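Novice: One structure, as structure tokens, below. Some questions next.
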Amino acid sequence: MRQPATTSRAAASSAPGNVGDVRKANLARVLSAIAAAGEDQRLSRADVAQLSQLTKASVSSLVADLLAAGLVVEIGVHRDGERGRPSVGLVLNPARCVMGMEINVDYIAAGLVDLSGKLLAHEILPRANHSSTAGEVLAALGELSQRLQAAAQAQGLMILGAGLAVPGLVNEEHFTVLQAPNLGWIQQELDVAALLPEPPTRFRLFNEANASALAQQQLMDAQENDFLFVSGEVGIGGGVIIGAELFVGTQGHAGELGHVVIAPDGKICSCGGRGCLETIAGQEAILAAANLGAGADSAPRQERISQLYQALETGTETAVNAVAEAGKSLGIAVASALRLYNVSTVVFGGHFAALERWMRPAMEASLQVHAPSIAEQAQLLCSPLGQTGALVGAARSVVGDLLEAPYRLVD
């Protein structure tokens, strides 16, 4: 598994200062070597010693700790060289996993991700969260979590941690949603303890777009260390990866592309501003422009989205124009973002990926008009992650934390 990106604020760490710190660092070195090898390559203790540049005796002692903690297992037998004696291979324990969860406007979701980053199981449950309190949403997510816990137990899996993604600005340290306009939450502290029966080793709270960017980062080419991820749902979010790290800014607001002003005299946005990209290219904005309803009296959003795709397939003018206008505005916002962040790759997720066929021509034309000097070099991609991106990204980040600090499970 490509090592997960970290936040730029947490990237620096102090050097080990005593014997205990050295052992903690060496545990991470050994586990990192085993994790980097993947499932197909079963490293022996001698292999790990060579890769980690530690002595064989040290590696044997450290591996014993990792085995006892259940982070790695011995598997198979291979020879050290053509005539060497047989040795036991080491791999990440496939019976250990992390739960990823997401709260979005129209659904809640949860899934299990193993230590190699693979999604083992997931469930997405439609739910109108914008009309519910945080307590009600967490209660429903807790029930979904219990179903995934039961599935994990049935498969012999142990859950070591969890990550939760929400469509808003967050204070991770205090598990607080600072502002989630499309949920109607402001300064909402979340009782995350209710999501798992026992405190996990690690629990983290993420902005949904940032979590999706972290998941997408695992799919990018090894040399692709800088890109902008744009998440299109009811709201529009953005996550910025710079130098293989998630860049969030001092207050965690970096990448908020949905609230870039496109039309200064435009409609009032859910954030309180006017003319934001979200008022033109968000799901509800597109549906309203396509004459497919708006507001509480409309049909359920998923039903109207299906109607939108049908209208696009048949070439209905109002639908085609609504998506083209969204693409044009998205191109304007992307043009500004490419210059501000000095990146050339943009990855689109959510409904932007689903609408690519109808949206891309207008977006590319807009980008050419507003940023002709960089339009030719711009690489516009669509994410294959769908609705699993945020929960996978949240879970993989927690996996990365555990792999970087295995002493939390060893001590």
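Novice: Listed residues E123, E74; which is open to solvent by 20 Å² or more (accessible area, probe 1.4 Å), at pLDDT below 95 and of a type in the set (D, E)?
Specialist: Values: E123 fails: at pLDDT below 95.
E74 is the lone residue from the list that is open to solvent by 20 Å² or more (accessible area, probe 1.4 Å), at pLDDT below 95 and of a type in the set (D, E).
Novice: Looking only at the range 219-235, how many residues end up being open to solvent by less than 30 Å² (accessible area, probe 1.4 Å), under 21 Å from V398 (Cα atoms) and in a loop (DSSP other than H, G, I, E, B)?
Specialist: Looking only at that region, the number is 1.
Novice: Could you list, in sequence order, all residues of the range 249-266 that are under 22 Å from C382 (Cα atoms) and modelled with pLDDT under 90? Write out each step before concluding.
Specialist: To start, the set of residues in the range 249-266 that are under 22 Å from C382 (Cα atoms) comprises 254-260.
Matches in the range 249-266: A254, G255, E256.
Novice: In the range 18-37, which residues are in contact (Cβ under 8 Å) with a residue 24 or more places away in the chain and touching a helix residue (DSSP H, G or I) at 6+ places or on another chain (Cβ under 7 Å)?
Specialist: Answer for the range 18-37, where residues must be in contact (Cβ under 8 Å) with a residue 24 or more places away in the chain and touching a helix residue (DSSP H, G or I) at 6+ places or on another chain (Cβ under 7 Å): K24, N26, L27, A28, R29, V30, L31, S32, I34, A35.
Novice: Could you say which residue among G156, G168 is open to solvent by less than 60 Å² (accessible area, probe 1.4 Å) and under 20 Å from V105 (Cα atoms)? I'd like the intermediate steps shown before the answer.
Specialist: Working: G156 fails: under 20 Å from V105 (Cα atoms).
Answer to the check: G168.
Quick grid of which residues meet (1) part of a helix (DSSP H, G or I); (2) buried (at least 16 other Cβ atoms within 10 Å of the Cβ):
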site	(1), (2)
F348	no, yes
M359	yes, yes
A362	yes, yes
S373	yes, no
P384	no, no
G393	yes, yes
V399	yes, yes
L402	yes, yes
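Novice: Which residues, counting only those in the range 282-338, are at positive phi and open to solvent by 40 Å² or more (accessible area, probe 1.4 Å)? Working first, answer last.
Specialist: Step one: filter the range 282-338 for residues at positive phi, giving 291, 293, 295, 315.
Correct list: N291, G295, G315.
Novice: Quick one: which of V113, V105 is hydrophobic (A, V, I, L, M, F, W, C), in a loop (DSSP other than H, G, I, E, B) and touching a residue at least 24 places away in the same chain (Cβ under 8 Å)? First the steps, then the outcome.
Specialist: Details: V113 fails: in a loop (DSSP other than H, G, I, E, B).
That would be V105, the only listed residue that is hydrophobic (A, V, I, L, M, F, W, C), in a loop (DSSP other than H, G, I, E, B) and touching a residue at least 24 places away in the same chain (Cβ under 8 Å).
Novice: Against the condition at pLDDT 90 or above, of a type in the set (F, W, Y) and over 21 Å from G349 (Cβ atoms), how does F175 come out, does it pass? Steps first, please.
Specialist: Working: at pLDDT 90 or above: yes; of a type in the set (F, W, Y): yes; over 21 Å from G349 (Cβ atoms): yes.
So F175 fits the description; yes.
The values are calculated or read from the model by the stated rules, or taken from the named source; none is laboratory data. Quantities reported herein were computed from a predicted structural model and do not represent experimental measurements. Reconstructed Cβ throughout: ideal geometry from the backbone, glycine too, with neighbour counts over all protein chains shown. For accessibility, only protein heavy atoms count, side chains too; no ligands or nucleic acids. Shrake-Rupley method; radii C 1.70, N 1.55, O 1.52, S 1.80 Å.
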